[in-house]
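Engineer: Let me begin by handing over the structure; questions about it come next.
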Amino acid sequence: MAATLIRRPVDWTGIVFAVVLTLVIVFPLIVVGTWAFTNVWRFPAVIPQEFGLKFWNQTLARADVWGSITMSLTLATTVTGLSALICLPAAYAFARLDFPGRDILFFSFLAGHAFPKFGLLVAIAGIFLQLNLIGTFWGVVLIQLVGTLLFMIWIPVAAFQSVDRRMEEAARDVGAGPFRVFWSITLPQAGPTIAAAILLSFVGTFYETEGAWLIGAPQVRTLPVLMISFINNQPVIQYGAVLSVLLWVPSFIALLFARRVVNSGSFARGFGG
Amino acid sequence: MSVLKIKDVSKIFASGQVRAVDNFSLEVADGELVCLLGPSGSGKSTLLRMVGGFERPTSGVMTIDGEDITHVPPEKRPTGMVFQSHALWTHMNVFKNLAFGLKLRKVAPDEIKRRVDAVLDLVGLNGYGTRHVAKLSGGQQQRVALARSLVLEPKILLLDEPFASLDQHLRERLREEVRDIQQRLKITTLFVTHGQDEALSMADRIVVMRDGRTEQIDRPEVIYREPQTPFVAGFIGTMNLIEGNVANGMFSKAGYSTPLPVSDGPAILAIRPEALDLAVTGEGSQGKVHRVTDYGTHGLVDLELNDATRIKAMVPHPDLFKAGQTVTLTPKAIAAYRDGVVIHRA
């Protein structure tokens, strides 16, 4: 009871951080969000003269918008699925097996993020040109797959490593074979963290722009690529703003899920926390 | 009838440097509880893990009821292991933890429920089936871990320091319960511990291990009263081990001497604190009181011999002694060791 009466000092550092973060992250989001629901907003008015859904109707009436949404969802699902198929067994091997070159191979997944990405993409585009993969769906899948490797290897490796080996041994002790142990014990224990990795991979792929633009354009147009062309080619801000708001949807879903995972502590466990 | 036989088993880890278990042999009789006791690194857990199938012996043979299990994988062994960390599956409730092994054996759902309920009743957790294991106390978790092994009715129960993570009070209560259950079920049990209290209070026989080898296998009272090596003497209970010399039937060390009818030469004298009488006055060997600790029921007097060798004596009336006093020491029971073996006991 006495403890509750003790006044805690005001956390000024935390407040300053919160204010700065709000200004840097939330303020631009509010501006874009406002633009998406604005029919008329002329300088020097601080707030729009007319709110409305006019540009939503116009944007969603376009076939290329629906085409790009479908393309982005298909790409993100395909890339994430393939990435899980390739990376999860690899992550389990990294976590549990000792093989020659393991450490170097493990750290090599950082390489894709250690150099300027665009230079790497241009180099890959050169190779893809010879392989006739430029402007193809699978070309974009391949380039985006590279971008997911870090998340889909490193996080699941940490997740598998954090599963108590004694739990697996206890399962074998009561009669489970190695595959059953993986399915019934290891995977559920590592599950929330792996789900977070899959989600990060999906969201990252959904937003990926440079690879999709360099390898896929103009035949393969994802939502972010379309948004860039809207912003570059359309004098009307609202088109880009509407697409931006549409792009927020996966982020919000990811945030909601991430909150559950982070609260359960499994995300931190995944990183060895 | 479940008999475990371990014959000349060794375990050398991959590096080739560490011989964790060295030519170890043991036979555990039907319904017997044998404790593997030893300090950290003595090889007791490695040995238990080999019986459970989690480590493969480098050499030797292990059988259960005559059937060779040396290279049988853990899931196919008739053993049940209780782990130090409980190792409960935290994504399952208590019932699912216990039912998992039965489902793998394709036991009918009705029978699973009957057996899980029965074993929960046995470990005193009736009605806990739907509880989440993470929400249980340490003692309850340990009971669930025990129940998970027992529900499969293993031929051999393996306990790997099951009480190590529990507080002293709970540990004492649980070891009585586990011993009671083990005796009721008459299940052959191999129990690893580094707690001598646990071993002395629970075991039918104790195997004292050191550096992967057997130092002594005996009943608890024999291990305590008649340790065969200085290591066992020093490891079990509190023992004063005084290194000195024997000449003309007298052991002497830094002003302290006592008759010891063995041949001349170096010897280690072993005296339990409760076997050492102290008197403030009188004739005899001299020691100096360093500290007196009153435990209520008895006292412990720390003494210094002339060369600062420390020994302990248990006294019924600690208030009779004060730091700085010189006292006479009269041993009531002694053992003497030379070259690692006992040479005299009186």
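Just so you know, all these numbers are worked out from the coordinates, no wet-lab data involved. On a predicted model such as this, the values are computed, not experimentally measured, just so you know. Don't worry about glycine lacking a Cβ; one is built from the backbone with ideal geometry, like all the others, and counts go over all protein chains shown.
Engineer: Taking the simple approach of a point 7 Å from Cα along Cα-to-Cβ for both B:Thr58 and B:Lys76, what is their distance in nm?
Structural biologist: 2.6
Engineer: Take the alpha carbon gyration tensor of the stretch B:16-63, find the square roots of its eigenvalues, order them as a ≥ b ≥ c, and report rounded if a/c is under 1.5; if not, report prolate when a/b exceeds b/c, else oblate.
Structural biologist: The shape class here is oblate.
Engineer: Turning to a different aspect of this structure: Using a Debye calculation, one point per C-alpha and no hydration shell, please list log10 I(q)/I(0) for chain A at q = 0.13 Å⁻¹ in order.
Structural biologist: The Debye formula, applied to the Cα set alone, gives -1.03.
Engineer: Now for a different question. What is the extension gain from B:Gln183 to B:Glu226, computed as 0.36 nm multiplied by their sequence separation minus the C-alpha to C-alpha distance, in nm to one decimal?
Structural biologist: 12.9 nm
Engineer: Next question. Let me check I have the definition right: for the protein assembly as shown, take the eigenvalues of the Cα gyration tensor, multiply each by 5, take square roots. What are those semi-axes in whole Å, largest first?
Structural biologist: Semi-axes, largest first: 69, 31, 25 Å.
Engineer: Which helices, taking whole DSSP H runs in chain A, have alpha carbons extending 30 angstrom or more along the helix axis plus mean Kyte-Doolittle at least 0.0?
Structural biologist: Length and hydropathy pass: A:63-96, A:137-161, A:237-264.
Engineer: Also, quick follow-up: If you take every residue apart from A:Val225 with its C-beta less than 10 Å away from the C-beta of A:Val225, what net charge results, scoring Lys and Arg +1 and Asp and Glu -1?
Structural biologist: Neighbour charge sum, excluding A:Val225 itself: -1.
Engineer: Antiparallel versus total DSSP beta bridges in chain B: what percent is that, nearest 5?
Structural biologist: 75
Engineer: Let me ask something else. Roughly how many debye, to the nearest 20, is the charge dipole of the protein assembly as shown about its Cα centre, given +1 on each Lys and Arg Cβ, -1 on each Asp and Glu Cβ, and no other charges?
Structural biologist: The dipole of the protein assembly as shown has a size of about 1680 debye.
Engineer: Still on this structure: Please list 3J(HN,Hα) in residue order for the stretch B:149-165, calculated via the Karplus relation 6.51 cos²θ - 1.76 cosθ + 1.60 where θ = phi - 60°; whole Hz, with x for glycine and proline.
Structural biologist: Those phi angles translate into 6, 5, 4, 8, 6, x, 6, 10, 9, 10, 10, 9, 6, x, 9, 4, 8 Hz.
Engineer: Shifting gears a bit: Can you give me the Cα centroid spacing of the stretch A:132-181 and the stretch A:187-264 in angstrom?
Structural biologist: If you average the Cα positions of each part, the centres end up 22 Å apart.
Engineer: How long are the semi-axes of the equivalent ellipsoid of the stretch B:34-107, defined as square roots of 5 times the Cα gyration tensor eigenvalues? Whole Å, largest first.
Structural biologist: 26, 18, 10
Engineer: Using DSSP to call loops (not H, G, I, E or B), can you name the chymotrypsin sites (Phe, Trp or Tyr not before Pro) in the stretch B:1-73 whose Cβ has at most 16 other Cβ atoms within 10 angstrom?
Structural biologist: Answer by residue number: B:Phe13.
Engineer: Can you put A:Phe43, B:Phe251 in order, fewest other beta carbons within 10 Å first?
Structural biologist: If I rank by nearby Cβ atoms, fewest first, I get A:Phe43, B:Phe251.
Engineer: Among B:Ser263, A:Ser229, A:Ser83, which comes first, then next, by fewest other beta-carbon atoms within 10 Å?
Structural biologist: Lowest to highest Cβ neighbour count: B:Ser263, A:Ser229, A:Ser83.
Engineer: Further question on the same structure: By its C-alpha gyration tensor, with a ≥ b ≥ c as the square roots of the eigenvalues, how is the stretch A:4-133 shaped: rounded for a/c under 1.5, else prolate for a/b larger than b/c, else oblate?
Structural biologist: It comes out oblate by the Cα gyration axes.
Engineer: Of B:Lys288/B:Lys332; B:Lys44/B:Lys253; B:Lys113/B:Lys186; B:Lys253/B:Lys322, which pairs sit farther than 31 Å apart, going by alpha carbon to alpha carbon?
Structural biologist: B:Lys44/B:Lys253
Engineer: While we're on this one: Give me the one-decimal nm value for the distance between modelled label points at B:Ala333 and A:Phe51, 7 Å along each residue's Cα-to-Cβ direction.
Structural biologist: For B:Ala333 paired with A:Phe51, the spin-label model returns 9.1 nm.
Engineer: Would you mind computing Rg(Cα) / (2.2 N^0.38 Å) for the stretch A:10-51, counting N as its residues?
Structural biologist: Scaled against compact globular proteins, the figure is 1.58.
Engineer: Tell me the angle of helix B:168-185 to the major Cα principal axis of chain B, expressed in degrees between 0 and 90 and rounded to the nearest ten.
Structural biologist: 60
Engineer: To the nearest 0.05, how large is the calculated FRET efficiency for A:Asn233 and A:Thr13 if R₀ is 45 Å and r is the Cβ-Cβ distance?
Structural biologist: E between A:Asn233 and A:Thr13, to the nearest 0.05, is 0.50.
Engineer: Mind putting together the pair-distance distribution for the stretch A:159-265? All Cα pairs, 5 Å bins, whole percent per bin, short to long.
Structural biologist: Per 5 Å bin, starting at zero, the Cα-Cα P(r) for the stretch A:159-265 comes out as 2, 11, 15, 13, 12, 10, 9, 8, 7, 5, 4, 2, 1, 0 percent.
Engineer: In addition: Kindly provide the GluC sites (Glu not before Pro) of the stretch B:1-80 that DSSP labels as loop, not H, G, I, E or B, and whose Cβ sees at most 10 other Cβ atoms within 10 Å.
Structural biologist: For GluC sites (Glu not before Pro) across the stretch B:1-80 that sit outside H, G, I, E and B with at most 10 neighbouring Cβ atoms in 10 Å, the list is empty.
Engineer: In addition: Could you tell me the extents of the stretch A:57-125's C-alpha atoms along the three principal axes, largest first, rounded to whole Å?
Structural biologist: Reported extents, whole Å, longest axis first: 57, 28, 17.
Engineer: With only Lys, Arg, Asp and Glu charged, each at its Cβ (+1 for the first two, -1 for the last two), find how big the charge dipole of the stretch B:4-232 is about the Cα centre; round to the nearest 20 debye.
Structural biologist: 820
Engineer: Using the alpha-carbon centroid of each, what span in Å lies between the stretch A:60-113 and the stretch B:216-287?
Structural biologist: Distance between centres, Cα-based: 70 Å.
Engineer: Separation of the stretch B:25-56 and the stretch B:121-200 by C-alpha centroid, Å?
Structural biologist: For the stretch B:25-56 versus the stretch B:121-200, the Cα centre distance is 17 Å.
Engineer: Given R₀ = 45 Å, what would the calculated FRET efficiency be for B:Lys103 paired with A:Thr136, taking r from the Cβ atoms and rounding to 0.05?
Structural biologist: It comes to 0.40.
Engineer: Per the helix-only calculation at 222 nm, which mean residue ellipticity applies to chain B, given -39500 (n - 2.57) for every DSSP H run of n ≥ 4 and division by its residues, nearest 500 deg cm²/dmol?
Structural biologist: Theoretical 222 nm ellipticity from helices: -7000 deg cm²/dmol.
Engineer: Using the crude model of +1 on Lys and Arg Cβ and -1 on Asp and Glu Cβ, and no other charge, please compute the dipole size for the stretch A:59-190 relative to its Cα centre, in debye to 20.
Structural biologist: Computed about the Cα centre, the dipole is about 100 debye.
Engineer: Using a 10 Å Cβ count of at most 16 others and DSSP loop calls, identify the longest part of chain B lacking such trypsin sites (Lys or Arg not before Pro).
Structural biologist: Segment B:187-321 is the longest.
Engineer: Same structure again: Within 10 Å of each candidate Cβ there may be at most 11 other Cβ atoms; applying that plus a DSSP loop requirement, which GluC sites (Glu not before Pro) in the stretch B:266-346 survive?
Structural biologist: The qualifying sites are B:Glu283.
Engineer: Amide H neighbours of A:Gly52 under 5 Å, counting only residues 5+ apart in sequence or on other chains, H built in-plane at 1.01 Å?
Structural biologist: Here A:Thr38, A:Asn39 satisfy the definition.
Engineer: I need the phi-derived Karplus couplings for the stretch A:175-184: 6.51 cos²θ - 1.76 cosθ + 1.60, θ = phi - 60°, integer Hz, Gly and Pro marked x.
Structural biologist: For the stretch A:175-184, the Karplus curve yields x, 8, x, x, 5, 5, 4, 4, 5, 8 Hz.
Engineer: Now, a different point. Assuming 1.306 mPa s and 10 °C, estimate D for chain B with Stokes-Einstein, Rh taken as the Kirkwood radius over Cα pairs, in µm²/s.
Structural biologist: The Stokes-Einstein estimate is 70 µm²/s.
Engineer: A further question follows. Using the 10 angstrom Cβ neighbour count as an exposure proxy, how do A:Thr222, B:Thr297, B:Thr229, B:Thr46 rank, fewest first?
Structural biologist: Fewest to most other Cβ atoms nearby, the residues stand as B:Thr297, B:Thr229, B:Thr46, A:Thr222.
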